[in-house]
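Read through the structure below, which is laid out as structure tokens, and then see the notes.
Derivation of every value follows stated rules applied to the coordinates shown; laboratory data play no part. Being a predicted model, the structure only gives us computed values, none of them experimental. Ideal geometry is used to build each Cβ from the backbone, glycine not excepted, and the neighbour counts take in all protein chains shown.
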Amino acid sequence: MSILRKRGVEKLRFRIMNRRVTNEDFEYLKGLCLQCLNENPDIAERLDEIYKLIQVYFFYETTDLNAANSLRSILNDSTITYPTKPTPAFCESRTNVGCIMVFLKHLNECAQRREDIKDKDRFNQGHFLEELCHLVKHGGDSRVHSSVHGYWILWDIYKSKGLQQYGNIILGRLRSARDHYEVFPMMIEACPEDWVVRCWKYFDKSIDYYKKGYEDEKTKFPTNIVYANLIANYIGAVSVLYVTERIPERSITDEYEKLLDAMKQKGKVALELSKSLIQGDMGAGALHTVELVDESVFETRDVFFSRMLAIWSSLHLV
């Protein structure tokens, strides 16, 4: 039994939030989460040290009527920005209370799209591992600390210009790039082969975006927003490529090594497509600026967002 489920002081709780999530679904998903914790007692111990409560809600889809309010209520924060974009799961935390939101419809759709996945149970369990690792990384509160000046300066600029909606998306992408630089290695340490299976197609969406999505954005959004999205996607690709180089040698078999190599090659293609667009639309100077982003930039949130602020300012993205 996980340390988080000790009788009388249960910190980890599960609850069905939509009748379309059956008891069978509930027991299956709850079992995957507990199995993940039992396989990774170090993660369970770190969560136990940090959190007073971790609530896992099972919804059907992100547009469920009570989803946003349930998240804000359990974390006692009415200002939380709730994402309605389809996603299998995500988490937030406030003052040592964590909440994982799981969406059955999107979870199933995600597994169905991956025809290469042989073990669907293991793949679904990976969603819980990622969210639990995010909660560890949050340290009890997922809000960006006030000391991360670069983030808040950018946020204030977007707000002052009436572009807060766009700013939230762009800053969210940058946060994701920085956060996954820490979270993915935690997952790799726990289950390196599972991570490779889960993420080896990671760059497919980036390649599709650079080939079509970017051109679509140019017809819909202000130019500085389009360019900011382009740079944010480039930063995200750089972040994950650095992660792929941190998988220890001989920690995965040849079969998974081939998948990892394919992932790296796709990542390089994505970066080259991105660089081509940056140079073609923004100029050689812009490309030189973003190419100066090396691994040291991801060291801490403060360092990261200080550099992002400098890039955004020098390229007139805000």
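Here are some notes:
- Cα centroid separation - the range 283-310 against the range 142-195, whole Å: 14
- Neighbourhood net charge (15 Å Cβ-Cβ; Lys/Arg +1, Asp/Glu -1) for residue 231: +3
- For the chain, size of Cβ-based charge dipole, Lys and Arg +1, Asp and Glu -1, in debye: 1000
- When each of 155, 312 is scored by the number of other beta-carbon atoms lying within 10 Å, the sequence from fewest to most is 155, 312.
- Residue order for 152, 195, 200, fewest other beta carbons within 10 angstrom first, comes to 152, 200, 195.
- Along each principal axis, Cα extent of the range 247-301, largest first, Å: 43, 27, 14
- Antiparallel content of DSSP bridges confined to the chain, in %, to 5: 35
- As a proxy for reagent exposure, ranking 81, 62, 95 by other Cβ atoms within 10 Å from fewest up yields 81, 95, 62.
- Derived from the Cα gyration tensor, the three semi-axes of the equivalent ellipsoid of the range 1-61 are 22, 12, 10 Å, largest first.
- Distribution of pairwise C-alpha distances over the range 149-314, 5 Å bins, in %: 1, 8, 17, 20, 19, 16, 10, 5, 2, 1, 0
- Helical contribution to [θ] at 222 nm, DSSP H n ≥ 4, -39,500 (n - 2.57), averaged over the chain, rounded to 500: -19500 deg cm²/dmol
- Residues in the range 112-147 reached by a label modelled at residue 49 [backbone nitrogen below 18 Å; 7 Å Cα→Cβ]: 132-142
- Here the Kirkwood formula puts the hydrodynamic radius of the chain at 20.8 Å, using every distinct Cα pair.
- With the Kirkwood sum run over all distinct C-alpha pairs, the range 81-138 has a hydrodynamic radius of 12.4 Å.
- Charge dipole of the range 72-219 (Cα centre as origin; +1 on each Lys and Arg Cβ, -1 on each Asp and Glu Cβ, all else neutral): 440 debye, rounded to the nearest 20.
- Less than 5 angstrom separates the built amide H of residue 12 from those of 54, all sequence-distant by 5 or more or on a different chain.
- Considering only 53, 117, 236, the residue lying farthest towards the positive end of the dipole of the chain is 53, judged by Cα position with unit charges set on Cβ.
- Members of 11/137; 211/258; 120/268; 105/266; 211/268 lying beyond 23 Å, as alpha-carbon distances in this model show: 211/258; 120/268; 105/266
- Under the convention that each Lys and Arg Cβ holds +1 and each Asp and Glu Cβ holds -1, the size of the dipole of the range 149-314 around its Cα centre is about 680 debye.
- Dimensionless Rg/Rh of the range 3-138 - Kirkwood Rh, Rg from C-alpha atoms: 0.94
- Reported to the nearest whole Å, the Cα centre-to-centre distance from the range 106-138 to the range 217-269 is 19.
- log₁₀ of I(q)/I(0) at q = 0.22 Å⁻¹ - the range 216-318, Debye sum with one point per alpha carbon: -1.18
- The trypsin sites (Lys or Arg not before Pro) of the range 180-287 that meet both conditions, a loop assignment by DSSP and at most 16 other Cβ atoms within 10 Å of the site Cβ, are 201, 220, 246, 250.
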